[in-house]
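S.K.: Structure incoming, see below.
The values are calculated or read from the model by the stated rules, or taken from the named source; none is laboratory data. From a predicted model like this one, the values you see are computed outputs, not experimental measurements. Neighbour counts are summed over all protein chains in view; Cβ atoms, including those assigned to glycine, are modelled from backbone coordinates with ideal geometry. Quick note on the areas: whole protein, heavy atoms, side chains included, nothing else; ligands and nucleic acids left out. Shrake-Rupley method; radii C 1.70, N 1.55, O 1.52, S 1.80 Å.
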Amino acid sequence: MADSVVVPAGTTAADAVAAAGLPRIGPRAVVVVRDPSGRLRDLDWAPELDTEVAPVTIDSPEGLAVLRHSTAHVLAQAVQDLFPEAKLGIGPPIENGFYYDFDVEKPFQPDDLSKIEKRMQQIVKAGQTFRRREYASAEQAKMELAHEPYKLELVDIKGDVDAAEVMEVGHGELTHYDNLDSGGERVWGDLCRGPHLPSTRMIPAFKLMRSAAAYWRGSEKNPQLQRIYGTAWPSRDELKAYLTRLAEAERRDHRKLGSELDLFSFPDELGSGLPVFHPKGGVIKREMEDYVRARHIEEGFQYVGTPHISKEGLFHTSGHLPYYAETMFPPMSMEGSDYYLKAMNCPMHNLIFRSRGRSYRELPLRLFEFGSVYRYEKSGVIHGLTRVRGFAQDDSHSYVTREDAPHEIEHLLTFILSLLRDFGLDDFYLELSTRDPKSDKFIGSDEQWETGTRVLEEVAVASGLELVPDPGGAAYYGPKISVQARDAIGRTWQMSTIQYDFNQPARFGLEYQAADGSRQEPVMIHAAKFGSIERFLGVLVEHYAGAFPAWLAPVQVVGIPIRDDHGGYLEEFAARLRREGIRIEVDHSTDRMQKKIRTAQQQKIPFMAIAGDDDVTGGTVSFRYRDGSQRNGVPLDEAIAHVVEVVRSRVNTGPSAA
RNA sequence: GCCCCUGUAGCUCAGUUGGCCAGAGCACUCGCCUUGUAAGCGAGAUGUCGUCGGUUCGAUUCCGACCGGGGGCUCCA
């Protein structure tokens, strides 16, 4: 692919692209060009001077966005063909696809989507041309758009909007894209800053995915529009691959696997977002907790315990109540006090710090617990284990001197990453959440925010990991770093957070005595490693698709006798493994061994230990692993050593004979 | 919280255009079979058709409210 081509004055970019011999169709088709100012231009753009431009192919990130936005236009045209009363909202490209918002009398039904999709296919086939047209003035635009109230609103705000989401306006000018049929007749059009594909025929593969409601311009004060989501790709194969990825994600859904593997459930009787862990899920949860607790203690944390409820004064002191009252469960009144279920642990840890005088010699003081917290999440956001109303935070608070804060944060980040790696996640990036200076949600002085943000940023940069800014994403009391982890199929999950807090130590009057005898205020560093045990368990279920590493697996070995009378032999084997702390069961059911293998396979048990006449005679067992591989006739001592080794090493792959 | 969809056996799902005892597969129980690497054969048991109310001679089916679940929006200390 040529890096650049020159478009001679008065000719179109398309001509230059063609002259350079670059493809106009196919999976690497050039769909737009980038001009020297960095702006993307349509292929029928004709500069007034000779201009060097960079061709942009349909499979590049920018090319994909153009493809998807053009497909969104086709969607809007199809909707207005079928529902002439539909008013247009916005229709930007998004990750893997696009959406378009409509104001319609009746929300779209699944039937409607297939009708719309069919109409879109006709439009694509018709090969309509996208033609750019500039409005002479805002007044002219308003006249033409008189019947589109939402577009009118956009004309008024012009380019003064979030550029990524609003494709309609920008670059300080008002433009329109008309769709022309093969006879050059205008059949449809939309306010849009562009650019677009040259023709609808260049949309190789698309599919409508779902419809949902969305607030106009993202505010719940505004009316709700009906949003249709779709996806579009440079080839049918890529569309198919994308749909396969979605199916794979569905196959890994922890809610489904959780019930199939008998790990946890959400009894209606308890209420939404309140999980119970069954014995098998309990094993995983306990293994996680035991390991994480041990690692914390190794790293100098001290395990503490605090209650689930507290009088309200505590949350006034901490400053949480004014900010989060709506997402805390309502208080219960007893003996003249209002008690709240706790939604965060830090205030209670502060009380532990404050319980006696502290010396600089004790710092950093690191308190840690699995604190049960309850948050009244809105009913619409509750989702499996990843968004619940009651959960255990693996929460720690490090109290340090101001000077020592960078070192402590570095220590925490290193610790967190090693912990995540221990559980098999090893692809990370960091996000730095800072305050929005325009919002009054944040408390503390500019100087405090600058200090905290700088300290976090320096540590994040030093880690060498990719760092993504998240302006306005901080908690009200301080900036934070969060660790985002990619799972086995490339999805990212926000895991750990580290927060720099200069606020609570002051509110609680925390102090320690320094070497010079003066009283000083510590800085507090909040750190949640998994965020919530429940959520991390859900993430692990999806990451491993339910096939947990041997050290976490609820049942690590299942003994499968070939005939009933081999069961006793396997029980002896099992007894020896149990003495080593291995979780083993022998399948004495009346099923035949092929069925037992299938059952163990479906339960994703790491080791199947099979024994028949040959094994009993030879003093061996035969392993079958989850991947179907086998190791037959393994002497008992060796078999036991093998299982114990795999479990104790905490390897996150296998086991396998391969 | 808002919008749309949805709730039938432990699980996955049929079904009833309002009407006698509501069905299948898997799982479960009991028999038979005694078996070498992903489902042996047979029999049996299983449901106030999410809950409460309304319409109706009659509701699992229609309507409403509530409680769950799903997809989004908004939110996420």
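S.K.: Work out the length of the dipole vector of segment A:565-631 about its Cα centre, built from +1 on the beta-carbon of each Lys and Arg and -1 on the beta-carbon of each Asp and Glu, and round it to the nearest 20 debye.
M.R.: It works out to roughly 400 debye.
S.K.: Round to a whole number: what % of the accessible area of segment A:529-615 belongs to carbon and sulfur, probe 1.4 Å?
M.R.: The C+S portion of the solvent-accessible surface of segment A:529-615 is 46 percent.
S.K.: Right, here's the next one. Explain nothing, just the number: dipole magnitude of chain A about its Cα centre with +1 on each Lys and Arg Cβ and -1 on each Asp and Glu Cβ, in debye rounded to the nearest 20.
M.R.: That gives chain A a dipole magnitude of about 1260 debye.
S.K.: A further question on this structure: Tell me which of A:581, A:36, A:104 sits at the most positive position along the dipole axis of chain A, charges placed on C-beta atoms (Lys, Arg +1; Asp, Glu -1).
M.R.: Selected residue: A:581.
S.K.: Can you tell me the FRET efficiency between residue A:19 and residue A:446 if r is taken as the Cβ-Cβ distance and R0 is 56 Å, rounded to the nearest 0.05?
M.R.: Rounded to the nearest 0.05, the efficiency is 0.50.
S.K.: Moving on to the next point. Straight distance only, please: which aspartates and glutamates reach the Cα of residue A:256 with their own Cα at less than 14 Å, same-chain residues fewer than 8 apart left out?
M.R.: A:248, A:542
S.K.: For a 21 Å ceiling on Cα separation, which of these pairs sit above it: A:151/A:207; A:87/A:378; A:280/A:596; A:221/A:441; A:118/A:240; A:311/A:342?
M.R.: Listed pairs above 21 Å: A:151/A:207; A:87/A:378.
S.K.: A further question on this structure: Once you charge only the Cβ atoms, +1 for Lys and Arg and -1 for Asp and Glu, what is the size of the charge dipole of segment A:477-553 about its Cα centre, to the nearest 20 debye?
M.R.: It comes to approximately 200 debye.
S.K.: Now for a separate question. Measure out, as a whole number of angstrom, how far apart the alpha-carbon centroids of segment A:345-361 and segment A:378-454 sit.
M.R.: Centre-to-centre distance over Cα atoms comes out at 20 Å.
S.K.: Provide the gained length on full extension for the span residue A:614 to residue A:118, in nm with one decimal, where the gain is 0.36 nm per separating residue minus the Cα-Cα distance.
M.R.: 172.3 nm is the gain from fully extending residue A:614 to residue A:118.
S.K.: With just the Cα atoms defining each centre, how far is segment A:179-251 from segment A:88-159? Give it in Å.
M.R.: 10
S.K.: Along Cα→Cβ, 7 Å out, is where each label goes; now give me the distance between the ones at residue A:289 and residue A:153 in nm to one decimal.
M.R.: 4.8
S.K.: Return a whole-number percent for the relative contact order of segment A:67-148, with Cα pairs under 8 Å and 6 or more residues apart as the contact set.
M.R.: Here the relative contact order equals 29 percent.
S.K.: Give the Rg (one decimal place) followed by the Dmax (whole number) of segment A:206-289, computed from C-alpha coordinates and expressed in Å.
M.R.: 19.1, 48
S.K.: If you plug each phi of segment A:518-533 into the Karplus form 6.51 cos²θ - 1.76 cosθ + 1.60 with θ = phi - 60°, what whole-Hz ³J(HN,Hα) values come out, in order, with x for Gly and Pro?
M.R.: Karplus-based 3J(HN,Hα) across segment A:518-533 equals 7, 9, 10, 9, x, 9, 10, 10, 7, 9, 10, 7, 9, x, 9, 4 Hz.
S.K.: How large a share of the accessible area of segment A:169-253, in percent, is made up of carbon and sulfur atoms when the probe is 1.4 Å and the other protein chains stay in place? Let's see the in-between values first.
M.R.: Numbers: 1850 of 4100 Å².
Carbon plus sulfur share of accessible area: 45 percent.
S.K.: Tell me the per residue accessible area of chain A using a 1.4 Å probe; a whole number in Å² is fine.
M.R.: 45
S.K.: Further, regarding this structure: So, counting K/R as plus one and D/E as minus one, what does the shell of residues with Cβ under 11 Å around residue A:261 add up to? All intermediate terms of the calculation are to be shown ahead of the outcome.
M.R.: Details: positive: A:256, A:280, A:604; negative: A:260, A:262.
Overall, the nearby charge balance is +1.
S.K.: Something else: Between beta-carbons, use under 15 Å as the cut-off and find the net charge around residue A:614, counting Lys and Arg +1, Asp and Glu -1.
M.R.: 0
S.K.: For a quick size check, give me the Cα extents of chain A along its three principal axes, largest first, whole Å.
M.R.: Computed over chain A, the largest-to-smallest principal extents equal 84, 76, 49 Å.
S.K.: For labels at residue A:11 and residue A:139 in the simple 7 Å Cα→Cβ model, what's the distance in nm?
M.R.: The modelled label-to-label distance comes out at 4.1 nm.
S.K.: Considering the alpha-carbon set of segment A:117-261 alone, what are its Rg and its Dmax in angstrom?
M.R.: Both quantities, over Cα of segment A:117-261: 19.0, 64 Å.
S.K.: Would segment A:175-216 count as rounded, prolate or oblate if I go by the C-alpha gyration tensor, calling it rounded below 1.5 in a/c and otherwise prolate when a/b exceeds b/c, oblate otherwise?
M.R.: Here segment A:175-216 falls in the oblate category.
S.K.: Note the direction-averaged projected area, equal to a quarter of the hull surface, for the Cα convex hull of segment A:559-609, in nm².
M.R.: 3.2
S.K.: Output the 0 to 90 degree angle, nearest 10, between the alpha-carbon long axis of helix A:405-422 and the longest principal axis computed from the alpha carbons of chain A.
M.R.: The two axes meet at around 80 degrees.
S.K.: How many angstrom lie between the Cα centre of segment A:588-658 and the Cα centre of segment A:513-587?
M.R.: Cα centroid of segment A:588-658 versus Cα centroid of segment A:513-587: 19 Å apart.
S.K.: Rounded, prolate or oblate for segment A:39-167? Axes are the square roots of the Cα gyration tensor eigenvalues, ordered a ≥ b ≥ c, and the cut-off for rounded is a/c under 1.5.
M.R.: Oblate, since a/c reaches 1.5 and b/c is not below a/b.
S.K.: Further question on the same structure: What's the ranking of A:477-487, A:19-29 by average number of surrounding C-beta atoms within 10 Å, highest first?
M.R.: The peptides rank, most packed first, as A:477-487, A:19-29.
S.K.: Give the shape of segment A:566-652 as rounded, prolate or oblate, defined through the alpha-carbon gyration tensor: a ≥ b ≥ c are the square roots of its eigenvalues, a/c under 1.5 means rounded, and otherwise the shape is prolate if a/b is larger than b/c and oblate if not.
M.R.: In terms of gyration-tensor shape, rounded.
S.K.: A further question on this structure: What is the percent of Cα-Cα separations in segment A:200-245 that go past 15 Å?
M.R.: 56
S.K.: Given a Förster distance of 51 angstrom, what is the FRET efficiency for residue A:571 paired with residue A:403, based on the Cβ-Cβ distance and rounded to 0.05?
M.R.: Working from the Cβ atoms, E equals 0.25.
S.K.: Counting only protein heavy atoms and using a 1.4 Å probe, what share of the accessible area of segment A:1-96 belongs to carbon plus sulfur, as a whole percent?
M.R.: About 54 percent, which is the carbon plus sulfur part of the accessible surface.
S.K.: Could you work out the relative contact order of segment A:163-252, using alpha carbon pairs under 8 angstrom and six or more residues apart, expressed as a whole percent? It would help to have the intermediate numbers written out before the result.
M.R.: Working: 103 pairs, mean separation 17.6, N = 90.
It rounds to 20 percent for segment A:163-252.
S.K.: A further question follows. In the neighborhood of residue A:287, defined by Cβ-to-Cβ distances under 14 Å, what is the net charge if each Lys or Arg adds +1 and each Asp or Glu adds -1?
M.R.: +4
S.K.: Would you mind checking the tilt of helix A:279-298 against the longest principal axis of the Cα atoms of chain A, expressed as 0 to 90 degrees and rounded to 10?
M.R.: The helix A:279-298 is inclined about 80 degrees to chain A.
S.K.: OK, next. Restricting to DSSP H runs of at least four residues, report the calculated mean residue ellipticity at 222 nm for chain A, -39500 (n - 2.57) per run over all residues, nearest 500 deg cm²/dmol.
M.R.: -10000 deg cm²/dmol
S.K.: Considering only DSSP states other than H, G, I, E and B, which GluC sites (Glu not before Pro) in segment A:20-91 qualify as loop sites with at most 15 other Cβ atoms within 10 Å? Don't jump to the answer; show the numbers that get you there.
M.R.: Numbers: sites: A:48, A:52, A:62, A:85; in loops: A:48, A:85.
Listed in order of number, the matching sites are A:48, A:85.
S.K.: Have a look at A:475, A:341, A:504 and report the one farthest towards the positive end of the charge dipole of chain A, computed about the Cα centre with Cβ charges (Lys/Arg +1, Asp/Glu -1).
M.R.: Of the listed residues, the answer is A:341.
S.K.: Which residues in segment A:392-411 place their backbone N less than 18 Å from a point set 7 Å from the Cα of residue A:521 along the Cα-to-Cβ direction?
M.R.: A:398-406
S.K.: Another one. Which Cα, out of A:183, A:146, A:455, lies furthest along the positive dipole direction of chain A (beta carbon charges, K/R +1, D/E -1)?
M.R.: A:183
S.K.: Could you pull out which residues in segment A:414-442 have an amide N less than 12 Å from a spot 7 Å beyond the Cα of residue A:462, following the Cα-Cβ vector?
M.R.: The answer is A:414.
S.K.: Another question, then. Please list the non-local residues whose amide H lies under 5 Å from the amide H of residue A:32, H modeled 1.01 Å from N, same-chain partners needing a gap of 5 or more.
M.R.: Residues meeting the criterion, in which the H sits 1.01 Å from N, are A:56.
S.K.: Relative contact order of segment A:179-228, please, whole-number percent, based on alpha carbon pairs below 8 angstrom and at least 6 residues apart.
M.R.: Relative contact order here is 22 percent.
S.K.: DSSP loop (so not H, G, I, E, B), at most 11 other Cβ within 10 Å: list which GluC sites (Glu not before Pro) in segment A:311-367 pass both filters.
M.R.: Taking segment A:311-367 and a limit of 11 other Cβ atoms within 10 Å, the loop GluC sites (Glu not before Pro) found are A:335.
S.K.: May I ask for the angle, rounded to the nearest 10°, between helix A:446-462 and the longest principal axis of chain A, with both axes built from Cα atoms and the value confined to 0 to 90°?
M.R.: Once rounded, the angle reads 80 degrees.
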